[in-house]
């Protein structure tokens, strides 16, 4: 049985959904909405920070909840998307200002590369890496 054309998601609309998902994730992180952030991160999520530290989902979201990591600003520029079936890679530059364990890191530009996978029909971020632009 073939799928009706209206049920088929175009690559452009899927890319836009990923962009909106990433923007929703950033809003949740900046507002320290850990409940919403939990829904957007895969169980096996890992973050590689600009200084090379590796944080699991629990470590990362726990640091957000405890305010050890407090994002003041996180403004993404255009988000590039590469789709690979049930996986995708996104990349963008962003202006980011953060307080990390009490030390304010001034507003700076970063490259962000994130890998998403579909889980039960939803896009979840699996890997994230940030690189400071000097």
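Structure values in brief
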{"item": "Value of [θ]222 nm, deg cm²/dmol, for the chain, DSSP H segments ≥ 4, -39500 (n - 2.57) each, nearest 500", "result": "-8500 deg cm²/dmol"}
{"item": "Share of Cα-Cα pairs in the chain lying beyond 24 Å, as whole percent", "result": "28 percent"}
{"item": "Whole-number percent relative contact order across the stretch 7-118, with pairs defined as alpha carbons under 8 Å at least 6 apart", "result": "19 percent"}
{"item": "Separation in nanometres of the label points that stand 7 Å from Cα toward Cβ, at residue 24 and residue 10", "result": "2.1 nm"}
{"item": "Cα-based equivalent ellipsoid, the stretch 65-134: semi-axes from gyration tensor eigenvalues, Å", "result": "26, 15, 8"}
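None of the figures in this text is laboratory data; all of them are computed from the coordinates on show. As the structure is a computational prediction, the values presented were derived from the model and not from experiment. Every residue, glycine among them, receives a Cβ derived from its backbone with ideal geometry; neighbour counts consider all protein chains shown.
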